[in-house]
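Below is one structure, written out as structure tokens; comments come after it.
The values are calculated or read from the model by the stated rules, or taken from the named source; none is laboratory data. Note that the structure is predicted; figures quoted are calculated from it, not measured. FYI the Cβ positions are ideal-geometry reconstructions off the backbone, even for glycines, and counts take in every protein chain you see. Note: areas computed on protein heavy atoms with side chains; ligands, DNA, RNA excluded. Shrake-Rupley method; radii C 1.70, N 1.55, O 1.52, S 1.80 Å.
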Amino acid sequence: MRAKQSFSTVVASLAVLMGFASCTDWGDTDPEAGNQVYPSRQVVSALDFEYGDDKPLFSDLDATSGGVENVTDDSLESKVLRVDNEGAARIKNPYLGVRLQNGAAVTFWVKTDSADLDRPLISFAGDDSADSVFYITANGQIKYYKAHELQSRCLDDNNPADAVTGVMPAGKWHFVAIQVSDEGYQFWIDGKKSLSGASTGTLPTDLKYSDIVSFINHAPYVYLGEADSKGTLKLEGAQYDDITFIRNIMNASDYAYPKKGKMNGGGSEDTEKHYYRTVGNTDCTSAWWTTFTDYFTIPSEQSLHLRFVNHTSGAGNWNNWNLVVTTDDARGGASYSEYFVLRSDLYGWGNGDYNAANITGEGGYTNINWDTFRQDMEGAVVDLTVERLGTAVNVTAVATAKNGTVYTEKYTQRCGDGTQNIRAFLVCDGSWFEIDEDETVIGSSWTSGQNVVGAADNSSAWWTNFSDYQRIPADGTVTFKFINHTSGTGNWNNWNCCVATDDVRGGANYSEYFVLRSDLYGWGNGDYNAANIAGTGSYVNINWDTFRQDMEGATVYVTISRSGGEVTLTANEYTTNGKVYTETYKQGNCGAGSIIRTFLIVDGSHLDMLKAGYMPYADDVIKQRTAEINK
């Protein structure tokens, strides 16, 4: 049923969301008493859009303006609110009359019809075209415009005119959580920590995030979709479900990717779920130097990236993550020696090259209150990178607290002559960690849209666009993770993988062992054997017309492993509609004992690269993901 109710004020008020006319502001948050204790999170309002006999149509909306429907979505297996390119919905701001003491959060499911990155998905505003505005878009843009105010006191992060983030691709459901606090903001997209910002300025004209919290607290309305009086500036179409407004600071369970309908292991669009392994006693009783992560061996000129959730007893500043960088030997081994140990509290020690002056802290570390730090580190998501550049090892640790505060710690030190392997590992100390298996990589990582191979319109011809080379040492493994896009014309218009000698294409020593395509086809040198190609899962009794459709938007892991002279390629392709295609191939006589190279090629396709390198937990991720889809 399509809504017939209309409201003239919505059209005028929503025009401001792209026009940004000057306006008045609403109120200020009451000043807090000294030593204020903030209350725990509280759900202020939740909208599920399950209208029926016991719940009148649009009864939880304040108004709608044409083009608004209540429809059933097969993926979520629930009723959702659909706003097309002529519509908008308005909600009375649930935070009115509620005291927001240190923040506000909103979570919701959303699916956009097209790559419309400029229009607001959800907005806080008034009912006059001169109102101020706060909104977010599918690019993760966060816009706060304050009337009669200097630009430096307003906010416009992640504007698609500056950079396309790719965090919410069109045509699929995403679970979005946005936390705004007095200290900053943090997005979680599909349960994954994404874009963030923090208040670091000290000048009187700098932005204060507490002003944004106050604005959210006092704006009259919340809008879904937008339009204006001339029929332009429209969101081209979107669907919403399960919008929840949370007072103060979210818990981890609020932004975790929830199971719903066919989502998240239930058979559909399971491309973003991540898997975790626990290190340390979950009651924070693991003593110093008793509990460790796995060793991570880092070759020269490569980087290690870890993402984990930090948990702490809160007793001392040091009861958090601790990083150790050493020679390439086990603890206590004959060749074991520590280059340095780095703690999360801007402290460390090491060998003769260690230099405490090289430790720097930004963001929340500026003018730090250590009592606050110990609280913030509980549940903080840490992105830790150990980068090797020549003889230098550069460490960057970005810890994002649940309230949005970002702590950035950096350190650099000489470690050996730059040619030998080194090792890194984490140590518990009255702490424990949840390691994100899918984000553990020794190599390169990108956010969606950051590294695209091939033309976005799938016009790239064969042998014209390639991924970067990945070198595979003897008995080593390399994994590519990417989103596959295809013209859909031929079975071959997808990913293609080449394994070759250790030289550039066309070089004097360049020779191909084999090339494998996603459609169970390939070619190679004299050792190539097509009989070794096998397809399982949805390749069994395959319909190639369906395959060409399924490969659009599929998340793909291509893993190339070496054992002696034998190379094994395994490709696991996860479609957006819940299927798994698994392709394998083996070939011998592939340069035993030497380094070889591998790279991807497009052909009427393009690849959105996410990972490339050694992913130590890739097999575990693939097994868990496949098992959940097949159960």
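Couple of notes before you dig in:
- Options 464, 482, 499, ranked by Cα towards positive dipole end of the stretch 432-576, top entry (Cβ charges): 464
- In the chain, the calculated helix contribution to ellipticity at 222 nm averages -2500 deg cm²/dmol per residue, counting -39,500 (n - 2.57) for every DSSP H run with n ≥ 4.
- Calculated diffusion of the stretch 470-607, Stokes-Einstein form, Kirkwood radius summed over Cα pairs, 4 °C and 1.567 mPa s, µm²/s: 86
- Under a model in which nothing but the beta-carbon of Lys, Arg (+1) and Asp, Glu (-1) is charged, the stretch 39-187 shows a dipole of about 420 debye around its Cα centre.
- Pair residue 455, residue 42: separation of 7 Å Cα→Cβ label points (nm): 5.8
- Using a probe of 1.4 angstrom and keeping all protein chains present, the accessible surface of the stretch 504-631 works out to 39 square angstrom per residue.
- Counted over all Cα-Cα pairs of the stretch 520-598, pairs farther apart than 21 Å make up 35 percent.
- Between the beta carbons of residue 474 and residue 315, assuming R0 = 41 Å, the FRET efficiency works out to 0.35 to the nearest 0.05.
- Overall form of the stretch 77-165 per C-alpha gyration tensor (a/c, 1.5; a/b vs b/c): oblate
- Cβ-defined net charge surrounding residue 588, 12 Å radius [Lys, Arg +1; Asp, Glu -1]: 0
- Gain on full extension, evaluated as 0.36 nm per residue between residue 99 and residue 114 minus their Cα-Cα distance, stands at 1.7 nm.
- 13 Å beta-carbon shell around residue 242, net charge (K/R +1, D/E -1): -3
- Across the stretch 62-114, C-alpha contacts under 8 Å between residues 6 or more apart give a mean separation that, scaled by the residue count, equals a relative contact order of 33 percent.
- Charge dipole magnitude, Cβ of K and R +1, D and E -1 - the chain, Cα centre, debye nearest 20: 500
- Annotation: Cα Rg of the stretch 306-355 relative to the compact-globule expectation 2.2 N^0.38 Å equals 1.33.
- For residue 54 and residue 253, a Förster radius of 30 Å and the Cβ-Cβ distance give a FRET efficiency of 0.60, rounded to the nearest 0.05.
- Size descriptors for the chain: radius of gyration and Dmax over Cα atoms are 26.1, 79 Å.
- Extending 7 Å from the Cα toward the beta-carbon at both residue 505 and residue 358 defines two label points whose distance is 3.8 nm.
- Distance between the 7 Å Cα→Cβ label points at residue 420 and residue 631: 4.6 nm.
- Estimated FRET transfer efficiency when R0 is 45 angstrom, pair residue 287-residue 86 (beta carbons, to 0.05): 0.10
- Net charge of Cβ neighbours under 13 Å - reference residue 381; Lys, Arg +1; Asp, Glu -1: -2
- Between the stretch 275-290 and the stretch 45-124, the alpha-carbon center distance in angstrom: 41
- Compactness relative to 2.2 N^0.38 Å, alpha carbon Rg of the stretch 410-511: 1.48
- The stretch 316-471: C-alpha gyration tensor shape, a/c 1.5 cut-off, then a/b vs b/c: oblate
- Set 410/611; 586/611; 192/579; 586/631; 192/273 screened for pairs whose C-alpha atoms are more than 19 Å apart: 410/611; 586/611; 192/579; 586/631
- Sparse-neighbourhood loop sites, trypsin sites (Lys or Arg not before Pro) in the stretch 114-193 - DSSP loop, at most 15 other Cβ within 10 angstrom: none
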